[in-house]
Amino acid sequence: MTQIAIIGGGVVGASIAHRLLTLGARVVLVDAEDTGQATAAAAGILPPLDHFIGIPAVLPLLAGARRYYPELLEALRQHGHADVGYDIIGALQVASSREELAELEQLADECERRRALGFAHIGEVSLVGAERARSLFPLLGDVVLGALHCSGAGRIDGRRLLAALRARAVASGARVLRGRASVWVEAGRVLGVQAEGESIGADAVVVAGGAWSGRALAPLGLALPVNPQRGLLLHLDLPGQASGRWPLVLGFSHQYLLGFPESRIVAGATREDGVGFDARPTAGGVRAVLDEALRLAPALRDATLQETRVGFRPVTVDRMPVLGPLPGHANLFVATGHAGYGIELGPYSGALLAELIMGHPTAAELGPFSPARFSR
């Protein structure tokens, strides 16, 4: 039986394991559980649009990822993991200036185009006034002049999803180890992984370590152009507020507000480049998130700041994921570079890469995401 070793146990690595086990492979999953793992910090947004507008190569992958979610959730349910915090809540793209109001119409057109192409998590698209926006998300202030409402946007709890994927892997016979791992290579051949002093043989190795993926390739002397981008978000509590059915609120910056059950609001998030793996929740980061959150929703000033989370998004130089075998090493694969869309794209990317490893045809073309593009 084919044995695959996976370095990195976030949502991408765990999704690869999930699909490999379904295809009959044996799996060893090694995760360092580094502070700042992107999945653990993720807000869990499944939005109507994304930052891949203008990058056509990613759109088929994105469309497939959205179609794949129901299949994944059903598979987890059949393995006894039904509660991963998934729900359809809708989204409001809010405008706070006349210029932004004008842009809403363009975004509405883009949503309609994507919906016609079969993209999920869009739903019914409508332009709404300020009063209607506030009826959907009662904390919004007078600065909001109008909004674009998309009824099909979703929400998922990244930590619950990851826990379900890992539990399913263990129950299906996967070996899951905690520790730092690197590729085991001798005489230029990839033999498996080395983790915490143990050499583990494998027919193929997958590096899915998020922003840390480059470290696992050090024994090969290879550089992977994936850099950490720090993202800071806040969890707020507003007792008495039934926030579980409120829509996702998106502004025209990188920030958002997302309601969860039990009066919880997630406010995020910063996009900080050039800070390395500094996982400190800085005063400047907290202020940047709170300033925008309070500008859009002044009532949040009375909320309790429950938790600050920091995660490192893996960002490539061309803003596209890295999926496929490394040049010169047919049994060494990379799966990373999803930036702020690991929760949205990661499960499907993982499934596709597992299919590729096992020699099955993939439902989406992975050529544009090959690591070989950086060699060229």
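The values are calculated or read from the model by the stated rules, or taken from the named source; none is laboratory data. A quick note: this is a predicted structure, and the numbers were derived from the prediction, not measured. Note that we place each Cβ from the backbone using ideal geometry, even for glycine, and neighbour counts take in every protein chain shown.
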Review point. Right, G324: in a strand (DSSP E or B), assigned by TED's automatic domain parsing to the domain that holds L92 and in contact with a strand residue (DSSP E or B) (Cβ under 8 Å, 6 or more places away or on another chain) or not?
Key: no
Review point. Mind checking which residues of the stretch 263-282 are among the hydroxyl-bearing types (S, T, Y) and at pLDDT below 95?
Key: S263
Revision key, fill the gap. Given the conditions (1) of a type in the set (A, V, I, L, M); (2) outside any helix (DSSP H, G or I); (3) more than 20 Å from the chain's Cα centre (by Cα), every one holds for A293 apart from (2)
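Determine whether R189 is under 20 Å from V207 (Cα atoms), modelled with pLDDT under 95 and surrounded by 14 or more Cβ atoms within 10 Å (Cβ to Cβ).
Details: under 20 Å from V207 (Cα atoms): yes; modelled with pLDDT under 95: yes; surrounded by 14 or more Cβ atoms within 10 Å (Cβ to Cβ): no.
Spelling it out, it is not the case that R189 is under 20 Å from V207 (Cα atoms), modelled with pLDDT under 95 and surrounded by 14 or more Cβ atoms within 10 Å (Cβ to Cβ).
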Check your understanding: Failed condition for G311, given (1) assigned to a helix (DSSP H, G or I); (2) surrounded by 19 or more Cβ atoms within 10 Å (Cβ to Cβ); (3) not aromatic (F, W, Y), with all others met?
Key -> (1)
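Condition check ((1) closer than 29 Å to R264 by Cα; (2) not hydroxyl-bearing (S, T, Y)) across all residues:
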| site | (1), (2) |
| --- | --- |
| A297 | yes, yes |
| T308 | yes, no |
| P325 | no, yes |
| N331 | no, yes |
| S349 | no, no |
| A372 | no, yes |
Review point. E307 is checked against (1) more than 25 Å from D203 (Cβ to Cβ); (2) in contact with an Asp or Glu (Cβ under 6 Å, 6 or more places away or on another chain) and fails just one. What number does that condition carry?
Key: (2)
